[in-house]
Amino acid sequence: MILALETSCDDTCAAVVDGPRVLSNIVSSQAAHHAEFGGVVPEVASRHHLELINPVIDAALAEAGCGLGDIDSIAVTTHPGLIGALLVGVNSAKSLAAATRKPLIAVDHLHGHLAAAWLEPDPLEPPFLGLIASGGHTLLAAVHDSTGYELIGQTLDDAAGEALDKAARMLGLGYPGGPAIQREAEDGDPGAFQFPIAMSHGGGLDLSFSGLKTSLLYAIRDLPEGELEARRADLAASFQTAVVAQLAAKLERALKGGEWNAVALGGGVAANTLLRERAAEICERRGVRLKLVSLDLCTDNAAMIGSAARFGTPTAYPDYLGWDAAASSRQPRA
Ligand code: KG4
Ligand code: ZN
């Protein structure tokens with residue numbers, strides 16, 4: 001049994017996993033605290049993690065129906081993420097592990113997003129092609145086995161979720177932007193505005209979203225005075241379509257270029273209905289299994305960190321006492 005902690009961004013998370021079974025998965029979202037700023041404020045996130053981490057750990061143990069004595073090892077996200085936010089999780093995990101003399105397992109957050117695929121129900125075991133799209137990262141990964149992943153493409157600028165968050169802010173739709181854009185898009189025409197699909201004919205498996213963001217800025221600027229209100233849903237639907245079209249194009253290109261039998265989507269943007277539908281169409285057409293994890297396992301959570309930790313390297317007490325969170329956040333990726 002693994003107690004896992006995740007505090008790399010603005011969600012304070014703790015979970016207990018037993019192999020591929022999730023016994024508890026507690027997420028305390030700070031979104032409301034960051035909404036007024038239109039994005040995550042790192043210092044605000046760190047302070048809230050400090051207040052929330054102990055109650056969240058208690059809740060995870062209580063829901064799993066166990067105590068610290070039943071836990072075999074402690075896992076924690078060490079990188080990448082906001083350094084002050086990571087520090088809270090890493091130091092909490094170190095303290096708990098040291099007090100109970102249990103081993104500690106460092107987990108790469110992105111490995112965690114991929115590892116959500118091999119949790120129950122219907123675990124998808126590697127090898128598979130992973131597409132991670134979140135607020136901080138957008139990448140394609142060749143997941144050959146459970147211990148790590150090979151990066152085969154990534155965004156050269158903004159992450160897909162970051163583009164959605166910034167677009168939502170420009171449209172006055174609040175934070176987090178992805179779900180807000182999805183809601184607004186329901187009433188809009190996805191073909192109303194032709195936004196560019198970056199790198200659709202080149203760039204290999206790399207992606208780019210910053211130009212798309214600028215196109216939205218210009219589209220808003222060029223609207224007749226007072227028209228934003230009337231065109232907001234069309235802009236949201238067209239923007240969402242452009243983001244998803246690029247992700248779908250790169251997913252299809254990766255499938256064409258490799259011998260894949262299965263695909264897993266991960267990261268907060270993988271909660272997007274349009275992306276899930278497009279990915280399902282592509283995988284069905286190509287005869288490939290698609291693993292879509294539940295929405296609460298797409299966005300940041302600690303169950304996925306516990307899932308990756310099963311295949312991580314435990315560090316025995318007291319060797320982790322000297323861990324420096326800042327240094328560990330710069331560990332090379334697996
Ligand atoms: O994986 P995640 O929870 O945190 C990071 O590691 O970044 O992803 C958060 C991102 C945010 O940008 C949020 O706007 C986006 O995921 N997101 C969505 C949806 N739900 C969350 N984007 C599109 N559609 C959604 N339904
Ligand atoms: Zn994430």
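Centroid-to-centroid, using Cα positions, the range 201-216 and the range 76-138 are 28 Å apart. Mark the label point 7 Å from the Cα of ASP157 along Cα→Cβ and return the residues of the range 188-218 whose backbone N is within less than 16 Å of it. The answer is 195-203, 206-218, whose backbone nitrogens lie closer than 16 Å to the label point.
Of the beta bridges DSSP finds with both residues in the chain, what % are antiparallel, to the nearest 5? Each step should come with its number before you reach the end.
Numbers: 25 of 43 bridges.
Here the antiparallel bridges make up roughly 60 percent for the chain.
Rounded to the nearest whole Hz, the Karplus-based 3J(HN,Hα) values (6.51 cos²θ - 1.76 cosθ + 1.60, θ = phi - 60°) of the range 236-248 follow the sequence 5, 5, 5, 5, 4, 4, 5, 4, 5, 4, 5, 4, 5, with x at glycine and proline. Over the range 39-198, the alpha carbon radius of gyration divided by the compact-protein estimate 2.2 N^0.38 Å works out to 1.25. Hey, for a label at ARG221 modelled as a point 7 Å past Cα toward Cβ, could you say which residues of the range 163-179 have their backbone N under 18 Å away? Once the point is set 7 Å along Cα→Cβ of ARG221, 166-172 turn out to lie under 18 Å by backbone N, inside the range 163-179.
Quick one: if the Förster radius is 51 Å, what FRET efficiency do ARG169 and HIS144 give, using the C-beta to C-beta distance and rounding to 0.05? Before the final figure, lay out the partial values.
Working: r = 38 Å, r/R0 = 0.75.
The calculated FRET efficiency here is 0.85.
For the chain, what number results from the quotient of the Cα radius of gyration and 2.2 N^0.38 Å? If you can, show how the numbers build up before the last one.
Working: Rg = 20.0 Å, N = 334, 2.2 N^0.38 = 20.0 Å.
For the chain, the normalised Cα radius of gyration is 1.00.
First measure r as the distance between the Cβ atoms of THR273 and PHE37, then evaluate 1/(1 + (r/R0)^6) with R0 = 30 Å and state the FRET efficiency to the nearest 0.05.
0.65
The label-point distance for SER200 and ALA59, in a model that sets each label 7 Å from Cα toward Cβ, rounds to 4.2 nm. Peptides 16-25, 285-294, 125-134, 216-225 ordered by packing proxy, namely the average of other Cβ atoms within 10 Å per residue, highest first: 125-134, 16-25, 285-294, 216-225. Which lysines, if any, have their Cα less than 25 Å from the Cα of LYS166, not counting same-chain residues under 8 positions apart? Cα-Cα hits under 25 Å: LYS213, LYS250.
Taking R0 as 41 Å, what FRET efficiency do you get between GLU229 and ARG47 from their Cβ-Cβ distance, rounded to the nearest 0.05? Walk me through the numbers before you get to the answer.
On the way: r = 36 Å, r/R0 = 0.88.
Efficiency computed from Cβ-Cβ geometry: 0.70.
Label-to-label distance, SER294 versus GLU120, with points set 7 angstrom from Cα along the beta-carbon direction: 1.2 nm.
Each helix, a run of at least 4 DSSP H residues, gives -39500 (n - 2.57); summed and divided by the residues of the chain, these come to -13500 deg cm²/dmol at 222 nm. Listed by chain and number, the lysines whose alpha-carbon sits under 16 Å from that of LYS94, ignoring those within fewer than 8 places in the same chain, are LYS102.
I'd like to compare 97-105, 313-321: which one has the highest average count of other Cβ atoms within 10 Å, and what's the full order after that? The partial results should precede the final answer.
Numbers: 97-105: 18.1, 313-321: 14.0.
Going from most to least packed, we get 97-105, 313-321.
The spacing between the range 3-27 and the range 53-75, judged by their C-alpha centroids, is 9 Å.
No lab work stands behind these numbers, since they all come straight from the coordinates. A quick note: this is a predicted structure, and the numbers were derived from the prediction, not measured. We place every Cβ from the backbone using ideal geometry, glycine too, and count neighbours over all the protein chains shown.
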